[in-house]
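The structure appears below as structure tokens.
The values are calculated or read from the model by the stated rules, or taken from the named source; none is laboratory data. The structure presented is a predicted model; accordingly, all values stated were derived computationally and were not measured. Virtual Cβ from ideal backbone geometry, glycine too; neighbours counted across all protein chains shown. The protein model used for the area step is the full one, side chains on, heavy atoms only, and it has no ligands, DNA or RNA in it. Shrake-Rupley method; radii C 1.70, N 1.55, O 1.52, S 1.80 Å.
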Amino acid sequence: GFLELDFVGSFALQADLLYSQKGDENEVGSGTDRTLFEVKLNYVEVPVMLKLQGPLLGNAEANFYAGPSFAFKVSEATEGQAPGTLIRGTFAKRTDIGAALGIEFVIGLGGPQFLLDLRFTPGFSTIRDDAVIQTERDSFEIPDPEATNSTFSVMAGISL
């Protein structure tokens, strides 16, 4: 969902409420202690963007936007663990801060509108938390302490 407030001229402020799935694959250890696992993260994201609206052709327009994005972790799951492997702690922090940059195409001005949105959302904060992998013989911290979330997304919808 989104809310758009038009300003004077071609500027608007848009706030979105999005459900987003992100994740990561990791491998730690070697030989018989090697463990490959996948972390699945679910977020509710709230980007707040300044939008520059512009005409394209006829009943279509192209809008450019940018602004901060705030994400709140809803759930986290780890899959693909080797037998005898245990993961303690959580992989990702509860919040993630980034930006939203993109372009939106709008077709059908004046009534219901078809929207196509292309977006890049780079994360600025590290998401890693204090998870440790415990195998039968050894323990490892989850790698890449500087990990961040970044996504490319394509969204389509109808605005009434």
Residues being surrounded by 14 or more Cβ atoms within 10 Å (Cβ to Cβ), more than 19 Å from LEU18 (Cβ to Cβ) and modelled with pLDDT of 80 or more - total across the range 53-85: 4
Right, GLU146: more than 30 Å from ASN63 (Cβ to Cβ), in contact with a helix residue (DSSP H, G or I) (Cβ under 9 Å, 6 or more places away or on another chain) and either modelled with pLDDT under 90 or among the aliphatic types (A, V, I, L, M) (or both) or not? no
Restricting to the range 92-113, count the residues that are open to solvent by 60 Å² or more (accessible area, probe 1.4 Å) and assigned to a strand (DSSP E or B). 5
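Taking the condition at pLDDT below 90, open to solvent by 50 Å² or more (accessible area, probe 1.4 Å), under 14 Å from the mean Cα position of the chain (by Cα) and acidic (Asp, Glu), does ASP24 pass?
On the way: at pLDDT below 90: yes; open to solvent by 50 Å² or more (accessible area, probe 1.4 Å): yes; under 14 Å from the mean Cα position of the chain (by Cα): yes; acidic (Asp, Glu): yes.
In short, yes.
Counting only residues that are among the acidic types (Asp, Glu), open to solvent by less than 70 Å² (accessible area, probe 1.4 Å) and farther than 15 Å from LEU116 by Cα, how many does the range 1-19 have?
Selection size over the range 1-19: 1.
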